[in-house]
Amino acid sequence: MKVQVQSKKGLKTILSIVIDKETIQKKLSERLLELQKEVTLKGFRPGKVPSSVIKKQFGKAVYGDVIDKLLKDSSSSAIKSKNIKVAGQPKIDLKVFGEGKDLNYTLEVDSFPEVKLHSFENLKITEYKVKIDSKIIEDKLKEIASQHKIFKDRKSGEKSKIGDQIIFDYSATSDGKKFEGSEGKGVQIELGKDLFLKGFDEQLVGLNVNQIKKVNAVLPANHPKKELANKKTIFDCKILKIQSPEKTLINDELSKNLGAKDLPDLKNLIEKQISAQYKQALDSITKKEILEQLEKLHSFNLPSNLVDNEISIMTQNLKAEEKNKHKESNLKLAKSRIKLGLILNEFGEKNNLKISEEEIKIEIQKQVKGMPGQEKMIFDYYQKNPAATQNLKGSLYEEKIINHIKSIGKILKKEVNSKEAENIISKFNKISSQKKEPENKTESSRNIKPKSKKISKK
């Protein structure tokens, strides 16, 4: 095999490779001999089929298989001989081939650039600390209290009204016929929320206990029984109880019901949770700022095939019109992603940063803890989807790299109140939304905001 560098421009190298016909013929003969021992043909004993018959019947297929293997082996060997760190998939262009001829082809290879890392010591890294206003905690307490209503039976003779809780039995018919699920016992609904069927609640207003009311409603379009979807239905409802809401007191009792020791403990838990939500949002902004600084700090050429592949991934769900409309911004974003990926990976390798199997297990356990009742589903998801596990590993690796960078750069500690934090987040989201990017964005480019979660004690 002869390997020559035909051309080299930037990160792109074209290799000229020649495999002489003698080598090809030797491989062909070896493979035909193997077939002669393996093949069974009518009229011949096993292993006794003449080579001429084997060649006539299988020659073209064998030649194709031999050439494919030679291309694979020789291209790998050629790349290794020239010490090329391949980026993406090499392109093969056959020039001369055919039985009795040399195999002559070119191999177009994009290589990874040499990434020379600059010092990260001067990176400006903002570390936010959010002071939570007492009003926000009080508002959250009121919100929690409103979600934990206490209902008590109304006095005899008092009619139902919006906001009341009604407990009733029903028997339903559609086209005069009963159906599966047409009866219900002790059904509870809060009037005004319209959670049962659209328009159902308002027909139960102004009723007394033991009163029977015919309610007209339409079954939902997504009813499990297709024949019942959007069907007009009559419900014969008997009112069992009418209960009115009482103001939920924000006290130690409520706090204990929510898993806290007392009211001060509940307030402390709320403050911690809100702080964590703001921290998550502000940390994402800090990460974005770090990445922008890293991108400006480094300059090197990018493998064109990796950029093309990234654009393809980014725009795979977009129509041709949308792709063309944002062609320039897509190219810019793709280059940014590739460049940052190379910088972070180089930094990770230089500092021997790795993600262990134990770290992956711990992260999955965190997800399980945050989704009670769905443990098996989460475990099965990662067991059956190696790609999902690999993506999780990639996210953890990036997080570890960013945290390591934070330990090197110049930390600028900044304390802000809730309003200031909201302004910072809002400003960041506004700038991000002005950038023309494809719909399927990366995590770092999505709008950032504190997420509302239920109170939990860890």
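The values are calculated or read from the model by the stated rules, or taken from the named source; none is laboratory data. Source: prediction; values computed, not measured. Don't worry about glycine lacking a Cβ; one is built from the backbone with ideal geometry, like all the others, and counts go over all protein chains shown.
Taking first residues from region 7-21 that are within 20 Å of residue 300 (Cα to Cα) and partners that are among the hydroxyl-bearing types (Ser, Thr, Tyr), the Cβ contacts under 6 Å between residues at least 6 apart in sequence or on separate chains come to 11/111. Based on this model, can you work out whether residue 53 counts as among the β-branched types (Val, Ile, Thr), surrounded by fewer than 17 Cβ atoms within 10 Å (Cβ to Cβ), without any contact (Cβ under 8 Å) to a residue 60 or more places away in the chain and over 28 Å from residue 299 (Cα atoms)? For residue 53, the condition - among the β-branched types (Val, Ile, Thr), surrounded by fewer than 17 Cβ atoms within 10 Å (Cβ to Cβ), without any contact (Cβ under 8 Å) to a residue 60 or more places away in the chain and over 28 Å from residue 299 (Cα atoms) - is met. The strands (runs of 3 or more DSSP E) located wholly in region 170-258 that include 1 or more residues which are modelled with pLDDT under 95, closer than 20 Å to residue 152 by Cβ and charged (D, E, K, R) occupy 183-190, 232-246.
A quick yes/no check of all residues on (1) surrounded by 11 or more Cβ atoms within 10 Å (Cβ to Cβ); (2) in contact (Cβ under 8 Å) with a residue 60 or more places away in the chain; (3) over 20 Å from residue 243 (Cα atoms):
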| site | (1), (2), (3) |
| --- | --- |
| 149 | yes, yes, no |
| 155 | no, no, no |
| 170 | yes, yes, no |
| 181 | yes, no, yes |
| 184 | yes, no, no |
| 195 | no, no, no |
| 212 | yes, no, no |
| 220 | yes, no, yes |
| 224 | no, no, yes |
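Across region 31-41, the number of residues qualifying as exposed (fewer than 12 other Cβ atoms within 10 Å of the Cβ) and under 14 Å from residue 67 (Cα atoms) comes to 0. Scanning region 229-240 for residues that are surrounded by fewer than 17 Cβ atoms within 10 Å (Cβ to Cβ) and either under 16 Å from residue 183 (Cβ atoms) or in contact (Cβ under 8 Å) with a residue 24 or more places away in the chain (or both) turns up 231, 232, 234, 236, 238, 240.
For residues that are assigned to a loop (DSSP other than H, G, I, E, B) and of a type outside the set (Asp, Glu), tally how many sit in region 1-39.
The qualifying residues number 4.
Scanning region 275-333 for residues that are closer than 30 Å to residue 92 by Cα and β-branched (Val, Ile, Thr) gives 307, 311, 313, 315.
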